[in-house]
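I have placed the structure first, in the form of structure tokens, so that the comments after it can refer back to it.
Taken together, the values in this text are just the output of simple stated rules run on the coordinates, not laboratory data. This structure is a prediction, so every number in the text was calculated from the model and none was measured. Cβ placement follows ideal geometry from the backbone for every residue including glycine, while neighbour counts extend to all protein chains displayed.
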Amino acid sequence: MGNSFAPARLPSTRGRARGTGQGMTKENIKTPRWGWALTGSGHFFKESLALMRQLPDLDVFLSSAAEEVLNMYKQELSFAEGTRLYKDRTASSVPVGNFYYGVYHTLVLGPATSNTVAKCVVGISDNLPTNVFAQAGKCRVHTIVFACDTAPEMDTEAPKGMVKVYPRRIDLENTAKLKTFEDTTVVETMDEFESAIKARVKWLKDTTGSYS
Ligand SMILES: Cc1cc2nc3c(=O)[nH]c(=O)nc-3n(C[C@H](O)[C@H](O)[C@H](O)COP(=O)(O)O)c2cc1C
């Protein structure tokens, strides 16, 4: 992917805060960030981490299952300098507060388990990834979802090697339903995933004119 994910240098978003609470303060955000929610999916997990490692100005939100799966696939939480990591340690998903203040230009949710996709589709937000998805929607932050369950028969990587899985009708229906969500791009393959992120980088460049 080369330099296509070079650092985004965006204008200050001062004044764009959407929070209405009295006395709320907002940090002066010089560089809006990528938000990336990781779930407990082994499907293209390593490849997704490789994409994440190319992004500057990144905040990572992990589900508890994602933390476990990281260990099972022997992967490190190593990202570009300045990346912030949020683990799922609070009942109210405290880190989602940043969505109200224009901190994020884009949320990426991927790979997204059938569990997470199902919850997103019915509007459940009871952990960090489902909460950032819900808050991105409510704050009109564009979201890219890489859904795991996209075909009736799939090859996927288990910790000990490749295996076949057969997503159920409900899983495929949920992926289809997610595609109808506003301001949400659902991708099904790694190529599409990479293209969607590149398209977002281009959008950032075109809209700010200051992308380097
Ligand atoms: C090694 C491993 C790989 C997994 N891969 C997947 C997967 O590709 N897709 C999926 O839907 N669930 C997968 N799971 C199951 C999820 O981790 C499990 O449903 C979990 O509750 C999801 O939680 P989350 O959606 O909050 O991350 C996997 C579990 C393990 C242990």
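Points to keep in mind about this one:
- Shape category assigned to the range 89-150 from the gyration tensor of Cα positions, a/c cut at 1.5: oblate
- Modelled label reach - Lys198, point 7 Å along Cα→Cβ, the range 101-134 residues with backbone N closer than 20 Å: 106-111
- Loop-located trypsin sites (Lys or Arg not before Pro) across the range 68-133 with a Cβ neighbour count of 14 or fewer within 10 Å are Lys74, Arg89, with loop assigned by DSSP.
- For the range 91-212, a simple Cβ point-charge model (Lys and Arg +1, Asp and Glu -1, everything else neutral) yields a dipole of about 280 debye relative to the Cα centre.
- Spin-label model distance (nm) - Arg168 vs Asp191, 7 Å beyond Cα toward Cβ: 3.1 nm
- Cα convex hull, the range 40-153: 105 Å³ per residue, rounded to a whole number.
- Entry for the range 106-212 at q = 0.11, 0.16, 0.17, 0.23 Å⁻¹: log10 I(q)/I(0) = -0.38, -0.75, -0.82, -1.26, Debye formula applied to identical alpha-carbon scatterers, no solvent contribution.
- Stretchable slack from Thr207 to Asp126, in nm (0.36 nm times residue separation minus alpha-carbon distance): 25.8 nm
- The ranking of Arg33, Arg53 from fewest to most other beta carbons within 10 Å of each one's beta carbon is Arg53, Arg33.
- 3J(HN,Hα) along the range 167-181: x, 7, 4, 4, 5, 5, 5, 5, 4, 4, 5, 4, 5, 8, 6 Hz, from the Karplus curve 6.51 cos²θ - 1.76 cosθ + 1.60 with θ = phi - 60°, whole Hz, x for Gly and Pro.
- Amide hydrogen proximity for Ile144: with H placed 1.01 Å from N in the peptide plane, the residues at 5 or more positions away or on another chain lying under 5 Å are Leu107, Val108, Leu109, Thr185.
- In terms of distances greater than 25 angstrom between alpha carbons, the cross-link table entries Lys119/Lys205; Lys46/Lys198; Lys46/Lys87 yield Lys119/Lys205.
- Note on the range 29-206: dipole from Cβ charges, positive end direction compared against Thr116, Asn174, Gly137; the farthest Cα belongs to Gly137.
- Neighbour counts of other Cβ atoms within 10 Å put Tyr104, Tyr166, Tyr73, Tyr86 in the fewest-to-most order Tyr166, Tyr73, Tyr86, Tyr104.
- Prolate/oblate/rounded call for the range 156-212, Cα gyration tensor, a/c under 1.5 rounded: oblate
- Selected from Ala199, Ser48, Thr150, residue furthest toward positive end of dipole (the range 29-206; charges at beta carbon): Ala199
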